[in-house]
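Shown next, in structure tokens, is the structure this report addresses.
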Amino acid sequence: MHPDTPSARFGPVTVYFGEKSGKYPDGNQVIVEGGDTVVAFDTPKVANRLGPARFDDAVEMVILGHVHEDHLCGLHRLPHAPVHVHERDVEAARSWDGLRRHFGYPAPALDAFRHKLDTEFSYAPRPDALAYADGAAWDLGGGVRVRAVHLPGHTAGHCALVVEPAGIAFIGDIDLSTFGPYYGDATSNLGDFRRSLARLPELDAAVWITSHHKGVYTERAAFEEALRAYTARLDEREAGLIERLRAAPASLDDLAAGGFLYPPGFPGPSAQAIEKRSISQHLDELIAAGRVIAQDDRYRLRA
């Protein structure tokens with residue numbers, strides 16, 4: 001293990017923290033040790049800083065909470081370990097074509113992104129990935145069990161992975177960051193994300209581990225306060241969009257150029273696609289609620 005890799009242990013669970021508490025493009029690596037089986041939840045960049053004794057030679061199975069590039073970084077080190085993925089994300093883990101559809105960006109952005117996958121994320125597709133469904137459970141021996149709870153929105157197959165009976169919940173990219181929820185890909189869904197956030201406090205947990213930023217919460221009051229602030233970002237974004245339309249009707253291109261998620265001119269070939277996908281979902285909600293009208297490729301507030 002790299003000498004600068006901090007970690008924390010909670011019963012059968014060890015968390016290896018990525019750089020800046022797992023800030024993207026890194027993440028936090030969760031390892032669960034049962035009496036018979038050692039499991040990795042996702043494999044972020046920090047996995048590649050763990051020595052063979054803690055990763056390659058130890059991990060016998062991988063369970064992905066969802067599929068994105070920053071959660072696949074260590075799979076190349078575990079070619080013989082079975083990889084389990086929710087059925088709605090599994091094709092994205094199996095092949096580049098599946099991952100392309102998962103993101104849904106325009107071709108030029110995807111071509112540039114593929115180069116980034118290979119050079120920065122140690123990308124290794126897993127055509128042998130196994131599909132699991134909501135409620136799937138894995139008995140790791142020694143009284144340790146993992147249960148999948150489907151919490152879609154970030155991706156179609158995004159799940160929390162709950163270690164029982166310890167009550168330790170890996171909540172993945174419901175990361176409680178100040179940036180707020182991300183739902184900018186083809187399989188993302190804003191409505192699903194809202195419902196998942198409302199369900200999250202129902203998990204039978206005493207410890208909550210995020211993929212990024214916040215790391216670990218061990219007090220419910222602090223967790224719930226962070227969740228409220230994270231959820232409020234959705235209403236703040238909607239309010240900003242309404243304020244923009246109050247100034248003048250606008251096209252989707254106009255709205256995306258204004259910096260809805262990212263600052264105007266934010267670098268990256270996929271940024272505009274992400275902006276448009278995110279904004280369009282808010283517009284769909286506002287149209288359904290009768291607050292916005294779409295006409296001639298422009299959007300305006302209903303009088």
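The values are calculated or read from the model by the stated rules, or taken from the named source; none is laboratory data. All values reported here derive from a predicted model rather than from experimental measurement. Don't worry about glycine lacking a Cβ; one is built from the backbone with ideal geometry, like all the others, and counts go over all protein chains shown.
Cβ-Cβ distances below 6 Å connect the following pairs, each with a first residue in the range 216-228 that is farther than 10 Å from L176 by Cβ, a second residue that is outside any loop (DSSP other than H, G, I, E, B), and a separation of six or more residues or different chains: V216/I209; T218/V207.
Residue count for the range 113-140 under the criterion of being exposed (fewer than 13 other Cβ atoms within 10 Å of the Cβ) and touching a Gly at 6+ places or on another chain (Cβ under 8 Å): the result is 0.
If I filter the range 135-150 for residues that are under 24 Å from Y183 (Cβ atoms), hydrophobic (A, V, I, L, M, F, W, C) and within 16 Å of the chain's Cα centre (by Cα), do I get at least one hit? Yes, the range 135-150 has at least one match.
Of all residues in the range 281-303, those being outside any loop (DSSP other than H, G, I, E, B) and modelled with pLDDT under 95 number 1.
For every residue, the table says whether it meets (1) modelled with pLDDT of 95 or more; (2) crowded, with 17+ Cβ neighbours inside 10 Å; (3) touching a helix residue (DSSP H, G or I) at 6+ places or on another chain (Cβ under 9 Å).
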residue	(1), (2), (3)
R228	yes, no, no
R233	yes, no, no
I242	yes, no, yes
G258	no, no, yes
G268	no, no, yes
S278	yes, yes, yes
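Total residues in the range 17-42 satisfying the condition of being touching a helix residue (DSSP H, G or I) at 6+ places or on another chain (Cβ under 8 Å), over 17 Å from I171 (Cβ atoms) and not charged (D, E, K, R): the figure is 1. Apart from one condition, D57 fits all of (1) surrounded by 20 or more Cβ atoms within 10 Å (Cβ to Cβ); (2) more than 30 Å from D185 (Cα to Cα); the exception is (1).
For the range 180-280, which helices (runs of 4 or more DSSP H) that fit wholly inside it have 3 or more residues that are among the aliphatic types (A, V, I, L, M), within 21 Å of H66 (Cα to Cα) and in the same structural domain as R145 (by TED's automatic domain parsing)? I'd like the intermediate steps shown before the answer.
Numbers: elements: 190-199, 220-247, 252-257.
It comes to 190-199.
Restricting attention to the range 93-109, the residues being free of Cβ contacts under 8 Å to residues at least 40 places away in the same chain and assigned to a helix (DSSP H, G or I) number 8. Identification of strands (runs of 3 or more DSSP E) wholly contained in the range 110-179 with 1 or more residues that are within 24 Å of Q281 (Cα to Cα) yields 144-150, 159-164, 168-172. Every test in (1) surrounded by 17 or more Cβ atoms within 10 Å (Cβ to Cβ); (2) touching a Phe, Trp or Tyr at 6+ places or on another chain (Cβ under 8 Å); (3) within 21 Å of I171 (Cα to Cα) is passed by L110 save one, and that test is (3). Restricting attention to the range 1-37 and to residues that are in a loop (DSSP other than H, G, I, E, B), farther than 20 Å from W138 by Cα and over 19 Å from the mean Cα position of the chain (by Cα), the residue that is modelled with the lowest pLDDT turns out to be M1. A residue that is within 17 Å of the chain's Cα centre (by Cα) and in contact (Cβ under 8 Å) with a residue 60 or more places away in the chain occurs somewhere in the range 244-262.
What is the residue count in the range 228-242 for residues that are within 25 Å of G22 (Cα to Cα) and either among the polar types (S, T, N, Q) or touching a strand residue (DSSP E or B) at 6+ places or on another chain (Cβ under 9 Å) (or both)? Of the residues in the range 228-242, 1 are within 25 Å of G22 (Cα to Cα) and either among the polar types (S, T, N, Q) or touching a strand residue (DSSP E or B) at 6+ places or on another chain (Cβ under 9 Å) (or both).
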